[in-house]
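Here's the structure, in structure tokens; my notes come after.
The values are calculated or read from the model by the stated rules, or taken from the named source; none is laboratory data. All values derive from a computational prediction rather than experimental measurement. Don't worry about glycine lacking a Cβ; one is built from the backbone with ideal geometry, like all the others, and counts go over all protein chains shown. These area figures cover heavy atoms from the full protein model, side chains too; ligands, DNA and RNA do not enter into them. Shrake-Rupley method; radii C 1.70, N 1.55, O 1.52, S 1.80 Å.
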Amino acid sequence: SMVPHVTALPVVVPFITAAVLVILRPLSRRWVNDAVSIAGVTTVIVLCAILLERSARRPFAYWMGGFKPVHDVTIGISLSVDPLGAGLALFSALLVLAALAYSARYFDAVDGLFHALMLLFAAAMVGFSLTGDLFNLIVFFELMGAAAYALTGYLIEDRAPIQGAINFAITNSVAGYAMLIGVALLYGRTGALNMAQIGLALDRHGADPLVVVAMIVLFAGFLTKAAAVPLHFWLADAYAVAPIPVCVLLAGVMTELGVYAVARLYWVIFAGPLHPHMAALRAILVAVGVVTALLGALMCFQQRHIKRMLAFSSIAHIGVFICGIGLLSARALAGVAVYVVGQGLTKGALFMGTGVLLHRFGTIDEYELHGRGREIPVVGVILAVGGLMLAALPPFTLFAGKSLLEESATSAGYGWLIVVFVIASAATGAAILRVTGRVFLGWGPADAPGAGQARAARVTEEEMQDRPDHTPPMMVVVPALLLVLTVAVALIPGAVPAVEEAAARFTDHAAYARWVLAGRAVHWPAVVPSHISVADVVYSAGSVLGAVVLAAFGLFGRPLRRRVPAAVGVPWLRALHTLRDLHSGHIGDYIAWWTAGTSLLGAICLLTLA
């Protein structure tokens, strides 16, 4: 069949299209750049859909240049395509298409550089999702980074984007160096770079300190991209200054790819040697996830700069994903996969809605926008629906993912994690609902402390052509379509069971080596799909209700807050200020935290796993 021969095309097509746009730059018009880049990404979507359909029947490896392995030894580079990887590639490309369609009307990216960078970003994310080679995983990671740093600082005339982009670039480059050390250690130990071959070699070795150290530095690198606490500091600074279409990609899919890589590396490479220490590794990863989810939720709820609020909301959800990956079960992985799609679509729509506010009023400060959103009620609907989605409103996509996670947590003996999931869902949903109430309904007071945040939330750069009195329809149509998808995905019959089946195959450590290295068909046992229980609905009703109550407290709770006794209120406020001050914007602080966090993680892993 022809399918294996098109496997590399979703990576190649955006590369070539980007090159064409750069060559044509002196001649091209704005509509040419839009048309060519949208055509390129649409081609990638079609190709990824073909790969998804084919790999759902049977996962397969494509060997570049026909260098097939001999007796389980590889010299070639493979794309190892299974349904979760292909699905993630398809999802990345879809979000790139949405971001390009939105930015066609959003800001004046006249020359083709913006479009070329977006296409490179797409190529890197697709390659990252499909590669079966550890070194190439790092290469695509770095390419994704390079495109993302340039896009974050795209509005180069202004100081803030440069600062945000430099913080982003330095922290993520340090992460990249750490990962290269991990690759070198594994290569030295196994003589292989293909992930399946490394996994086979380590199965015979067991977990010694070298393997554990390699795992720590690789995980630390990918968890930096995913923004796990305390490796997360770059994220809010980057999101606050990046153009909205770029934020859609950073929050919607790039951070999630870091979590995907941790899952891929664990199940393909480390699951064999670390099997005896599974309980300890589970405890460590879940702990990282819990801290990330709670800190993200707390910081999210106290932002008034809407882009920073969405940034911390992403950190909270990443924490939930890390907990899910950390449960080390197929069902939890399926829950994360479903949740990632719902979260990415919702977060994309929320950033785009925020972009309309920025475009129209020149600020995204919650208090300065008080009541002004009445002119554009449709955006209020987008934000309200997005807030309810983040709070995991049944029976939609985030709810479906969350119920799989809750079921897995309970069966792994981590039932208390449900509380963390509910807090993260409620707090992130509440922050968005509070903004909706204040901006679009004029509820709550219009003044608040923290004028510095208001200054940061105004547009200084000329991100827009001019201050318009109408909103281009595309800027509302695209986020509305993303929300329709969020509602639809989990309601498609068979969609969630298909993800569960894909996750069961993804987590089959022995079978992966067989189909990648030997190209053999693997017979997987049938997966019994999980059912939504009454408890799941109750928990999610709790998170939605919690979101509404918290939002109301944020809008109308000032008289109540004044009654809080000083003995409780003062230490609490001091703690919040300390937390906020830690996010100083100073790169030296961030690297110090990165080093401390990685060292602590490493020490705990070495003591418990090696």
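Find how much the distance from I492 to V549 grows on full extension, using 0.36 nm per residue of separation minus their present alpha carbon separation; answer in nm with one decimal.
Working: separation 57, 0.36 × 57 = 20.52 nm, distance 3.11 nm.
So the extension gain works out to 17.4 nm.
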Calculate the spin-label point distance for E53 paired with A280, positioning each point 7 Å from the Cα along the beta-carbon direction, and give it in nanometres. 4.8
Relative contact order of the range 211-281, defined on C-alpha pairs under 8 angstrom at six or more residues apart (%): 37
Under the Karplus relation with 6.51, -1.76 and 1.60 and θ = phi - 60°, whole-Hz ³J(HN,Hα) for the range 127-143, x at Gly and Pro, equal x, 4, 6, 9, 5, x, 10, 5, 5, 5, 4, 5, 4, 5, 4, 5, 5
What does the accessible area of L481 come to, in Å² to the nearest 10, when a probe of 1.4 Å is used? 110
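Per the 1.4 Å probe, what fraction of the accessible area of the range 66-224, in percent, lies on carbon and sulfur atoms?
On the way: 3380 of 4960 Å².
Using a 1.4 Å probe with all protein chains present, the range 66-224 comes out at 68 percent carbon and sulfur.
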What are the ³J(HN,Hα) couplings of the range 477-483, residue after residue, when phi is run through the Karplus curve with 6.51, -1.76, 1.60 and θ = phi - 60°? Round to Hz, x for glycine and proline. 5, 4, x, 4, 5, 4, 5
Computed on Cα atoms, the radius of gyration and Dmax of the range 135-268 in angstrom are 16.1, 55
Toward the positive end of the charge dipole of the chain, about the Cα centre and with charges on Cβ (Lys, Arg +1; Asp, Glu -1), which of A184, G413, F351 goes farthest? G413
When Rg is the radius of gyration of the Cα atoms in the range 477-534 and Rh is its Kirkwood radius, what does Rg/Rh come to? 1.16
Enumerate the lysines that K225 could reach by cross-link, defined here as Cα to Cα under 26 Å, with residues fewer than 8 away along the same chain left out. K307, K347, K402
Angle in degrees between helix 417-440 and the longest Cα principal axis of the chain, rounded to the nearest 10: 40
Beta bridge orientation in the chain: antiparallel %, DSSP, nearest 5: 100
Over the Cα atoms of the range 260-334, what Rg and Dmax result, in angstrom? 14.4, 47
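Can you quote the Å³ per residue value for the convex hull of the Cα atoms in the chain, rounded to an integer?
On the way: hull volume 86.7 nm³, N = 610.
Here the figure is 142 Å³ per residue.
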Could you tell me how far the Cα centroid of the range 290-365 sits from the Cα centroid of the range 273-288, in Å? 25
³J(HN,Hα) across the range 239-255 via Karplus (A = 6.51, B = -1.76, C = 1.60, θ = phi - 60°), whole Hz, x for Gly/Pro? 5, 5, 10, 5, x, 3, x, 6, 4, 4, 6, 4, 7, x, 9, 5, 4
Taking the Cα centroid of the range 26-104 and of the range 147-205, what is the distance between the two, rounded to the nearest whole Å? 21
R580 and V534 label points (each 7 Å along its Cα→Cβ direction) are spaced in nm at 4.4
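Please give the per residue accessible area of the chain, computed with a probe of 1.4 Å over protein heavy atoms only, in Å².
36
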Taking amide H atoms as placed 1.01 Å from N in the peptide plane, list the residues 5 or more away in sequence, or in a different chain, whose amide H sits under 5 Å from that of F60. V81
